[in-house]
Amino acid sequence: ANMLCRLASTSSSQRYAQSRLFSQSLTMRHNKVFNSAEEAVADISDNSQILVGGFGLCGIPENLITALSKKGSKNLTVVSNNCGVDGFGLGVLLGKKQIKKMVASYVGENAEFERQYLQGELEVELTPQGTLAEKLRAGGAGIPAFYTATGVGTYIEHGGMPIKYGPDGKVEIESKPRPTAVFDGRKYVLEESIKGDFALIKAHKADKKGNLVFHSTARNFNPPAATAAKITIAEVEEIVEDGEIDADAIHLPGIFVDRVIKGASYEKRIEKLTLRQPENKDEGKPKSEGQIKRERIAKRAAKEFKDGMYCNLGIGIPTLARYLGPLFSFVFLCLAPFLFYLYL
């Protein structure tokens, strides 16, 4: 309306020029398909906050990460479930020292990540996995903060978690205490939502309006990351014409997506490849001290299982507990949250 009022008060030549610019701006907004990943990330500048989809190496925007690596933007704050592995995924940006701060829930598969953190080269804000997902979802929904019981009585509530170490090994930055409140007799901590300047996400299919379809578990953190960013860039394996995706099949509406590129290639690396070994291969081989400890923890956890339980198993020890305990009737759910046992 403001544009039309301004047009009415100008000359005919000015009205033509402005109306053409107005028309072009609309065209640009609807033309979401970019020619390359490099073109799509061209305006990601230093000091940007980037939200990145993916879980482990599943559903990560490989091509966009590579393009951002080539661009060389520095001092980035990256929010993602994890930071890839050494030399792949977000590990590429980490290896080139492009990430200043990482907000994540799981970082155990990246040795370079550990080195940079402990030597004071990287800020790390560890966040419970479900809380991280909700912080992104809330950011996209316009909710500034929310209460959760997760983290009550821990560093999350009380503060003091090391975020950055100095060269001398002393803590330079630590987490701050969270406000708390009691609802129905239970204590909760207040978590602020997360927003980003850009989101880099991966989907299976898109139409030219940016409507997205994800493939199975590759959906993971991609939708909440997309909704919480000012500019969302999606890479996909297939781009179809408008209307070819049934409305009921759309997982993320195009209103949340600003740019779309078709990925040039995908490695889709398997994070942990395990092959069946010949029978009796390890028979008689002594177990390491680490294996013995892991099995002891898993066996203790397994004693908590009872018939009919809903069991949410994470990778590693939680999954191991299922096979080291008695056989029960379970309904198994996907990863997170985790239940840890610490005992003497």
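The values are calculated or read from the model by the stated rules, or taken from the named source; none is laboratory data. No experiment lies behind these values; they were computed from the predicted model shown. All Cβ positions, glycine included, derive from the backbone under ideal geometry; neighbour counts span all protein chains shown. These area figures cover heavy atoms from the full protein model, side chains too; ligands, DNA and RNA do not enter into them. Shrake-Rupley method; radii C 1.70, N 1.55, O 1.52, S 1.80 Å.
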Per-region count, the range 189-199, residues over 26 Å from E267 (Cβ atoms) and in a strand (DSSP E or B): 5
Restricting to the range 71-108, count the residues that are open to solvent by less than 30 Å² (accessible area, probe 1.4 Å), among the aliphatic types (A, V, I, L, M) and more than 16 Å from S45 (Cβ to Cβ). 7
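Within the range 81-111, take every residue that is part of a strand (DSSP E or B) and either among the β-branched types (V, I, T) or out of contact with any Lys or Arg (no Cβ under 9 Å at 6 or more places or on another chain) (or both) and give me the one that is modelled with the lowest pLDDT. Let's see the steps before the verdict.
If we filter the range 81-111 for residues that are part of a strand (DSSP E or B), which is where we start, we get 85, 88, 99-104.
From the residues that got through so far, the ones that are either among the β-branched types (V, I, T) or out of contact with any Lys or Arg (no Cβ under 9 Å at 6 or more places or on another chain) (or both) too are 85, 99, 102-104.
Numbers: V85: 91, I99: 98, M102: 98, V103: 98, A104: 96.
Among those residues, the one meeting the criterion is V85.
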Given (1) on the phi < 0 side of the Ramachandran plot; (2) crowded, with 20+ Cβ neighbours inside 10 Å; (3) in contact with a helix residue (DSSP H, G or I) (Cβ under 6 Å, 6 or more places away or on another chain); (4) not charged (D, E, K, R), identify the lone condition not met by F198. (3)
Looking at (1) over 30 Å from the mean Cα position of the chain (by Cα); (2) at pLDDT below 75; (3) open to solvent by less than 100 Å² (accessible area, probe 1.4 Å); (4) at negative phi, which is the one condition that is false for G284? (4)
In the list F221, F214, which residue meets the criterion of being surrounded by 15 or more Cβ atoms within 10 Å (Cβ to Cβ), touching a His at 6+ places or on another chain (Cβ under 9 Å) and of a type in the set (A, V, I, L, M, F, W, C)? F214
Can you pull out the residues in the range 155-188 that are under 27 Å from L90 (Cα atoms) and not in a loop (DSSP other than H, G, I, E, B)? Y155, I156, P162, I163, K164, Y165, V171, E172, I173, E174
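Working only within the range 119-154, note down all residues that are in a helix (DSSP H, G or I) and at pLDDT 95 or above.
Listed by number, the residues that qualify are T131, L132, A133, E134, K135, L136, R137, A138, G139, G140, A141.
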Would it be correct to say that P177 is modelled with pLDDT under 95 and either on the phi < 0 side of the Ramachandran plot or exposed (fewer than 15 other Cβ atoms within 10 Å of the Cβ) (or both)? no
Residue in the range 252-263 that is without any contact (Cβ under 8 Å) to a residue 60 or more places away in the chain, open to solvent by 20 Å² or more (accessible area, probe 1.4 Å) and within 22 Å of G142 (Cα to Cα) present: yes
Unmet criterion (only one of (1) of a type in the set (D, E); (2) out of contact with any Ser or Thr (no Cβ under 7 Å at 6 or more places or on another chain); (3) not in a strand (DSSP E or B)) for D307: (2)
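Matching residues to (1) farther than 20 Å from I270 by Cβ; (2) outside any strand (DSSP E or B); (3) aliphatic (A, V, I, L, M):
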site	(1), (2), (3)
I60	no, yes, yes
T66	no, yes, no
S69	yes, yes, no
S73	yes, yes, no
V78	yes, no, yes
F113	no, yes, no
In the range 45-72, anything of a type in the set (S, T, N, Q) and in contact with a helix residue (DSSP H, G or I) (Cβ under 9 Å, 6 or more places away or on another chain) is listed as N63, T66, S69
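Does the range 201-210 contain any residue that is among the β-branched types (V, I, T) and open to solvent by 20 Å² or more (accessible area, probe 1.4 Å)? Working first, answer last.
Initial filter on the range 201-210 (among the β-branched types (V, I, T)): 201.
Now restrict to residues that are open to solvent by 20 Å² or more (accessible area, probe 1.4 Å): none.
No: zero hits.
Within the group L68, L132, which residue is within 30 Å of G185 (Cα to Cα) and buried (at least 20 other Cβ atoms within 10 Å of the Cβ)? Write out each step before concluding.
Working: L68 fails: within 30 Å of G185 (Cα to Cα).
Only one candidate passes the filter, namely L132.
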